[in-house]
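Read-outs: derived from the displayed coordinates by stated rules, not from any lab. What you are looking at is a predicted structure, and each value in this text was computed from that prediction instead of being measured. Here the Cβ positions follow ideal geometry from the backbone for every residue, glycine too, while neighbour counts run over all protein chains shown.
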Amino acid sequence: MRYPIVIETGSDDTAFGVAVPDLPGCFSAGATLDEAVEAAAEAASAWMDAALDAGMPIPAPSSLDAIQQRPEYAGWTVGIIDLDEVLSDDTIERVNITLPRRVLRRLDDLARAKGQSRGAFISQLTLSAR
């Protein structure tokens, strides 16, 4: 997925600022232009993950032309970040994993104690491990 970004030029005294207009509140900065763009991709990934966790939809990316015409970004440089499509995919997928029986028993006991299925418990553990 290609999302447009807007870049506010930095200087010797200030960092480069980057915003992702299609993802409200998503912004980053970096000492160099490369660092700022890389940080923007990381910020967008985190934004999408948090939005999906909150049950919010992921906005579709705007065209570069549409972003460039927005008056609030006059004088900013327009660019793009390329994000892995999996970041916005909340499709349920069946997986087969291999675990020792003692680990599986412990996993099931922990899930049962939380009133969850095995899959829901694994999902909760994974999403809370940040």
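In table form, for the structure just shown:
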item	result
Relative contact order computed over segment 2-88 (Cα-Cα under 8 Å; 6+ residues apart), in percent	36 percent
Nearest-20 debye value, segment 37-98 charge dipole, Cβ charges on Lys, Arg, Asp, Glu	180 debye
Selection from 58, 80, 6 lying farthest towards where the dipole of the chain points positive, charges on Cβ	58
Degrees between helix 118-128 axis and first principal axis of the chain (Cα, 0 to 90, nearest 10)	40 degrees
Cα-centred dipole magnitude for the chain, charges only on beta-carbon of K, R (+1) and D, E (-1), debye, nearest 20	1300 debye
